[in-house]
Amino acid sequence: MFEQELHALREKNLLRRLKVSGAMDGIRATLDGRLYRLFCTNDYLGLSGHTEVRAAAKAAIDGAGTGAGSAPLISGYTSYHQRLADDIARFKGAEAGLLFGSGYVANTSIIPALAGAGDAVFSDELNHASIVVGCRLSRADKFIYRHRDMDSLEALLKADRPRAMRFIVTEGVFSMDGDVAPMPDIMVLARRYNATVILDDAHGTGVLGCTGRGTLEHYGLPADNVIQVGTLGKALGSYGAFAAASPDVIDWLVNGARGFMFSTSLPASVCAAASASLAVIGREPERLVTLRRNAGLLRDGLRGLGFTVLGEDTPIVPLVVGDAGHALALSAALMDAGFYAPAIRPPTVPEGGSRVRFTVSALHTEEDIRELVESVRRAIR
Ligand SMILES: Cc1ncc(COP(=O)(O)O)c(C=O)c1O
C-alpha cells in the first residue's frame, strides 16, 4: 500500500523520515547515536531545560498527576490551567485567555469557531498549515493575499461584498521565512474594512518586543481588536497553545471551538511549566538579548558568505538554495560537521524554495555560531 507514492516522493527528494533524538538539552541532541549541535529547535530561550521550569512541572505532577483525565468542560480544568490562562492574558495585554491542546488544534478550532458560512477570511499565502486547514474547515469564503503584501490584501478587501464578519489572519513571525507581518498596516486595513485580526504569534511569543511579549509589542501596538493565538511549545519550552482576546471572544470559543470542547485538557505539568517560563522571561531579560545577538551573528555570517538569507530581527534564519536535492546535500554536509539543521522542502515551502532553515537559541555561544558559519563555508566550497 502506498509503495508507488512513497517511491515517487523518494525520487523527488521529498520523502521524510523520522529520526530518534536523545539527550536533548535545548541545543544538543544525539541522533542515531551521534551528538549534534542543534540549529533547528524552537526552544528559542532554552527554557525547556530551565531548572525552575522543570521543577514547576515536577511539582505539578506530584500535585495533580500526569494527565488531566477529561476535557476542560468536564473536570479537566484545574487551578494550574486557570493560572496559566490568566498569566497568558496578562503577558499578551488581553483581558482573557484560553488554553488548547496544541497550536495546530488552536488554529483548526478557533478559525472555524469564529468564521462561518457567509463570512470572509483573508489569509497570507505563507500562513502555517494549521491556519490553512482552519480556514478550510470554516465554511467562510477564503481570500489569499500575497505574502506581507498590503496592496494585495487591500485589493481583495476592497473588492469584497458587504459581510457580517470579515477576518484577516496572519502569522506574527513567519515560520519558514523568519520575517515579521506588517501589523501596523494590517491594523489600518482591518479598521478601514471592518475586519477582525487573528494573529498567530507562535514564533513571536517570548521572542519579539523588548520584553518578549510578541509581535504587537515589537510594533508598540495595543492588543485591542486582535485575537492573539500562540503555542506554548516554542519559546515557552512547554506544550499546548493559547488564545488571548476579549472576554466575549473567549466565552464564544469555550462554547464553540470544537478542539477545545471535545479534547482532553492539557496536563497540569505543562501548564505549570509554561507559567514558570513566563516568570523566567520577566526575570531574565538577558536571554532575549543573547537570542538577538545570536540571530544577528548568524544572519551577518551567512550574508558575509554571499548568501541570500531571509528575514530580519527573528531567530529563524532561512538560507534558501532552491532545489530540494541541494538543500538535502547542504544539510547532510552540515551533519557531517556535527550540526543539525534540516532541509525544508515542498510542500512545507513553495516549489523551488527549498532551504536549510536555521534557528538559533539563547543557549548558543558566539563560538557555536562562528563554527556553524565556517562549516557552511566549507560545505559550499
Ligand atoms: C505559525 C505556527 N502556528 C502553529 C503551529 C503549531 O503549533 P504546535 O506545534 O503547538 O501545534 C506552528 C508550529 O509548528 C507554527 O509555526
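The values are calculated or read from the model by the stated rules, or taken from the named source; none is laboratory data. In this text the structure is predicted, and so the values were computed from the model without any measurement. Quick reminder, even Gly has a Cβ in these numbers, built from the backbone with ideal geometry, and neighbours come from all protein chains shown. Side chains included, ligands, DNA and RNA excluded: accessible areas come from the protein's heavy atoms. Shrake-Rupley method; radii C 1.70, N 1.55, O 1.52, S 1.80 Å.
So here's what we get for this one:
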read-out: Low-density loop positions, GluC sites (Glu not before Pro), segment 48-151 - DSSP coil, at most 14 other Cβ in 10 Å; value: GLU125
read-out: Fully extended contour minus Cα-Cα distance, from ASP149 to GLU284, at 0.36 nm per residue; value: 45.0 nm
read-out: Solvent-accessible area of ARG146 with every protein chain in place, 1.4 Å probe, in Å² to the nearest 10; value: 140
read-out: Fluctuation leader among LEU330, LEU31, LEU84 - the chain, Gaussian network, Cα springs under 10 angstrom; value: LEU31
read-out: Rounded, prolate or oblate (a/c below 1.5 giving rounded, otherwise prolate when a/b exceeds b/c) for segment 18-160 by Cα gyration tensor; value: oblate
read-out: Two-decimal ratio, the chain, of alpha-carbon radius of gyration to 2.2 N^0.38 Å; value: 0.99
read-out: Solvent-accessible ranking of TYR340, TYR80, largest area first, probe 1.4 Å; value: TYR80, TYR340
read-out: Antiparallel DSSP beta bridges within segment 51-283, as percent of all bridges there, nearest 5; value: 35
read-out: Accessible-area order (highest first, 1.4 angstrom probe) of the listed residues PHE143, PHE122; value: PHE143, PHE122
read-out: Cβ-Cβ FRET estimate between THR308 and ASP32, R0 fixed at 45 Å, reported to 0.05; value: 0.90
read-out: Average accessible area per residue (Å²) across segment 341-381 - probe 1.4 Å, nucleic acids and ligands excluded; value: 45
read-out: Shape call, segment 252-325: gyration tensor on alpha carbons, a/c limit 1.5; value: oblate
read-out: Rounded accessible area of VAL188 (nearest 10 Å², 1.4 Å probe); value: 60
read-out: Segment 142-240 - percent of accessible surface contributed by carbon and sulfur, probe 1.4 Å; value: 52
read-out: Accessible area per residue, Å², segment 225-323 with all protein chains present, probe 1.4 Å; value: 37
read-out: Cα-centred dipole magnitude for segment 51-283, charges only on beta-carbon of K, R (+1) and D, E (-1), debye, nearest 20; value: 320
read-out: Solvent-accessible ranking of MET1, MET176, largest area first, probe 1.4 Å; value: MET1, MET176
read-out: Heavy atoms of ASP323 accessible to a 1.4 Å probe, total area in Å² rounded to 10; value: 80
read-out: Segment 339-378 and segment 230-271: distance between their alpha carbon centers, rounded to Å; value: 31
read-out: Per residue solvent-accessible surface (Å²) - segment 47-200, probe of 1.4 Å; value: 43
read-out: Most mobile listed residue (ASP141, ASP177, ASP201) in the chain, GNM with C-alpha springs under 10 Å; value: ASP141
